[in-house]
1. If you average the sequence gap of Cα pairs under 8 Å that are 6 or more apart and divide by the length of the stretch 231-355, what percent do you get for the contact order?
2. With a cut-off of 19 Å, note down the residues of the stretch 49-64 whose backbone N falls inside the zone around a label point 7 Å from the Cα of ARG108 toward its beta carbon.
3. FRET efficiency for GLU15 and ARG83, Cβ-Cβ distance as r, R0 = 22 Å, nearest 0.05?
4. Please identify, among ALA338, ALA24, ALA74, the residue showing maximal mean-square fluctuation in a Gaussian network model of the chain using a 10 angstrom Cα cutoff.
5. Please give the per residue accessible area of the stretch 123-192, computed with a probe of 1.4 Å over protein heavy atoms only, in Å².
6. Could you put TRP60, TRP6 in order of accessible surface area, largest first, with the 1.4 Å probe and the full protein assembly present?
7. At 222 nm, what value in deg cm²/dmol follows for the chain if DSSP H runs of at least 4 each add -39500 (n - 2.57) and the sum is divided by all its residues, to the nearest 500?
8. Could you check which residue among GLN268, GLN334, GLN61 shows the biggest mean-square fluctuation in a GNM of the chain with a 10 Å Cα cutoff?
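The values are calculated or read from the model by the stated rules, or taken from the named source; none is laboratory data. For clarity, every value in this text was computed on a predicted model and none was experimentally measured. Glycine gets a Cβ as well: all are built from the backbone with ideal geometry, and neighbour counts include every protein chain shown. For accessibility, only protein heavy atoms count, side chains too; no ligands or nucleic acids. Shrake-Rupley method; radii C 1.70, N 1.55, O 1.52, S 1.80 Å.
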Amino acid sequence: MTVEEWLRVRGVLAERRHELGQAAGRLYPGLSRVGSTQLLCRPEWIPTEPLLLDAVKLIWQDDPPPPVVTGAEAASEGVRPVRPDGRRFRTYAEALGELAPPAVFENRSCYGLFDADLRGPRAELRMGRAWYFDGIDVGEAVAHELAAGHGTPLRDLVGDPLDFSRRPARPAITTLTLRRDTDDSRFVLHWRDPAKVAHAGGLYQVMPVGVFQPLSLASERNDFHLWHCMVREFNEELLGGSEDYDVAFEQWDFATALGEARESGRLQVHVLGLGVDPLTLAVDLLTAAVFDADLFDETFHGLVGVNAEGRVVRDVPFEEDVIRPFLDGTEPMQPAGAAVLDLAWRHRDRLLTRP
């Protein structure tokens, strides 16, 4: 593949990502889905009832075995173009960074997922150190491969998309933010701008969503908390805050206020499940953050209309006729977003009832 052809196919991927996602879903007819959506899952990844966030135990794994497929294999040559001087790009992330870099594209440290079970009182995620580009090298590569329409050798090499030993799994935390009101609960949506993001451009998504990662390697163990990552994403995506933090989490007023709201019951945070995007093999932990209406208004009075990754859609009614088009594929919704909406609607009585 030449650089010119690679760029053309990358454009096809940006323009037809929703359609390609549906086609990718058809490649896995025997795998379970989350509700009526395309998000792939295992039965043990979907709890029968929402789990409080603190009920999910994170287990650190040192020196995990490397994945079987890294994206550097011969099977990926079809999506790693050849430069005019004859040199082939070593990885998909290298090609993306040089030829079509999104506005936000850094190889930051993150937490890799190696195993998961969200059933009952022993809910746990087994994780360890990882790097963001490792996920791009396989996930965006298999999406590009499908867009090119010349076979799926890399996807075939990966095999089971639900087996995290086969390829890098770099989970994001996908959060449905609900403004809980007596008879008029609402949520916010995000349209992801393909010019700004490497993943899921051109699709709607709930918000906030962010790769589970520490601020830096130095804070790797201190930031190994789902809540830390979620609070940062609330600040960055909904309020337009910077990704540069000059204060410790424990001394950050915004984090303190949200923590106190959780303790008082004005904010409940639940884990609803885990799933895999069939197009990019991206892994998402599905969560819901339910704010009392006055707390939401107080916390997000500065809610932005546009952020670093796209456009914010405010005040979307949490009603079946509104969310149904996002679940059935009528609207171009990222599978993880559709899945968390599906699960939240299924558990709406539990989520919307004030404890």
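1. Over the stretch 231-355, the number comes to 25 percent.
2. Answer for the stretch 49-64: none.
3. Between GLU15 and ARG83 the formula returns 0.30.
4. ALA74
5. 32
6. Greatest to least solvent exposure: TRP60, TRP6.
7. Roughly -8500 deg cm²/dmol at 222 nm, from the helical runs in the chain.
8. Sorting by GNM fluctuation, first place goes to GLN61.
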